[in-house]
Amino acid sequence: MLSQHLIDSLFSPDLPEPEHWEHRYPPRDLPEGAEVTRFSPSPTGFLHIGGVYVATIDVDVARHSGGRYLVRLEDTDQARVTEGAAEQFAEAFAYFSIGPEEDEQTGQYGPYFQSGRAGTYLTYVRELLRQGHAYPCFATKQDLEEITARQRAAGALPGYYGTWAIWRDAPEEQVAARLAAGDPYVVRFRSPGLAGARVSFTDVIRGELTLDDNRNDAVILKSSSTDPRLPTYHCAHA
């Protein structure tokens, strides 16, 4: 596990602690049983009928439970944002009556664009690193390609996990040296999943489901060479 000093050096010294965000976003004053629902379209394309279907369910659940319905634009993949998508979303929301009940002007829980919430996510990525639930990974594209090739040759499942996760248990001195060299890195979640294990849960639509336990160390914060530094879908939506 990395020292807090090294972990904190990866972030701005004025980055708030979790308590700041808990105070900034207190629990909503809603009746018991109220549901807050969120539709999160990606502006990498235009709204399609599947998105309208999901948003309609979100609106219905929120209104019938006395809750709130909001839209959280999933724009963390800045390189794929389609020009005009946000405006097209607004037109479609109005046409199908699935517009949010709160926004940047009327809501107290913004920003409502994921990219505008970078500070919040950085705080909690730092917290995961402090707790040992995440780690910086300097694996290059070539490293990952070589790992995949070796997995195929060995008949192993593809992914970044276990002994294939070459930075998962790297010593602090090695991490510090790469940081000092200015090498770009991502932050990965340290999955507690076990090979061969199965997990079960109840899906409200499909009932009891059993799946392989996830053991992949997913990337939760994009490369340090990107600006702005944004979380991935795995972090932002969880």
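Which of the trypsin sites (Lys or Arg not before Pro) found in the stretch 1-104 are in a DSSP loop and have at most 16 neighbouring Cβ atoms, other than their own, within 10 Å?
Passing both the DSSP loop test and the Cβ count: Arg28.
Only one of the values (i) 54, 44, 39; (ii) 56, 41, 33; (iii) 55, 36, 29 was calculated from this structure for Cα extents along the principal axes in Å; name its label.
Step by step, Cα extents along the principal axes in Å for this structure corresponds to label (i).
For Ala238 and Arg152, FRET efficiency with R0 = 25 Å and r from the beta-carbon atoms, rounded to 0.05?
FRET efficiency, Arg152 to Ala238: 0.25.
Collect residues whose amide H, placed 1.01 Å from N in the peptide plane, falls under 5 Å from the amide H of Leu221; neighbours closer than 5 in sequence don't count.
HN-HN under 5 Å from Leu221: Val187, Thr232.
I need the semi-axes of the equivalent ellipsoid of the stretch 115-238: take the C-alpha gyration tensor, multiply each eigenvalue by 5, square-root it, list largest first in whole angstrom.
26, 21, 13
What residues qualify as long-range amide H neighbours of Arg68, i.e. H under 5 Å apart, gap of 5 or more or another chain, H built at 1.01 Å from N?
So Arg68 has HN proximity to Glu35, Val36, Thr37.
State the extension gain, in nm to one decimal, for the chain segment bounded by Ala180 and Ile49, taking 0.36 nm per residue of separation less the distance between their alpha-carbons.
Additional length available on full extension: 42.3 nm.
Please identify the GluC sites (Glu not before Pro) of the stretch 1-87 that satisfy two criteria: DSSP loop assignment and at most 14 other Cβ atoms within 10 Å. Which are they?
Glu32, Glu83
What stretch of the chain, leaving out the sites themselves, is the longest with no chymotrypsin sites (Phe, Trp or Tyr not before Pro) in a DSSP loop having at most 16 other Cβ atoms within 10 Å?
By the stated rule (loop sites, at most 16 other Cβ atoms within 10 Å), 110-238.
Could you calculate the contour length gain from Tyr109 to His133, that is, 0.36 nm times the residue separation minus the distance between their Cα atoms, to one decimal place in nm?
My answer for the length gained is 6.0 nm.
Nearest 10 degrees, 0 to 90: what angle lies between the long axis of helix 141-154 and the longest principal axis of the chain (Cα atoms)?
Computed tilt is about 80 degrees.
Counting other Cβ atoms within 10 Å, which GluC sites (Glu not before Pro) in the stretch 93-130 have at most 14 and lie in a DSSP loop?
Filter output for the stretch 93-130: Glu104.
Suppose every Lys and Arg Cβ carries +1 and every Asp and Glu Cβ carries -1, with no other charges. What dipole size does the stretch 1-134 come out with about its Cα centre, to the nearest 20 debye?
260
Considering only protein heavy atoms, what per residue accessible area in square angstrom results for the stretch 1-109 with a 1.4 angstrom probe?
63
Compute the long axis of helix 49-65 from its Cα atoms, compare it with the longest principal axis of the Cα atoms of the chain, and write down the angle in degrees, 0 to 90, nearest 10.
On a 0 to 90 degree scale, this one is about 70.
Taking the Cβ-Cβ separation of Asp227 and Gln4 as r and a Förster radius of 35 Å, what is the calculated FRET efficiency to the nearest 0.05?
0.85
What dipole magnitude, in Debye to the nearest 20, does the stretch 139-193 give about its Cα centre under +1 on Lys/Arg Cβ and -1 on Asp/Glu Cβ?
240
The values are calculated or read from the model by the stated rules, or taken from the named source; none is laboratory data. Bear in mind that the values here come from a model prediction, so they are computed numbers and not experimental data. No Cβ is skipped: glycine too gets one built from the backbone with ideal geometry, and neighbour counts run over all protein chains shown. Keep in mind that these areas ignore ligands, DNA and RNA; they rest on the heavy atoms of the full protein, side chains included. Shrake-Rupley method; radii C 1.70, N 1.55, O 1.52, S 1.80 Å.
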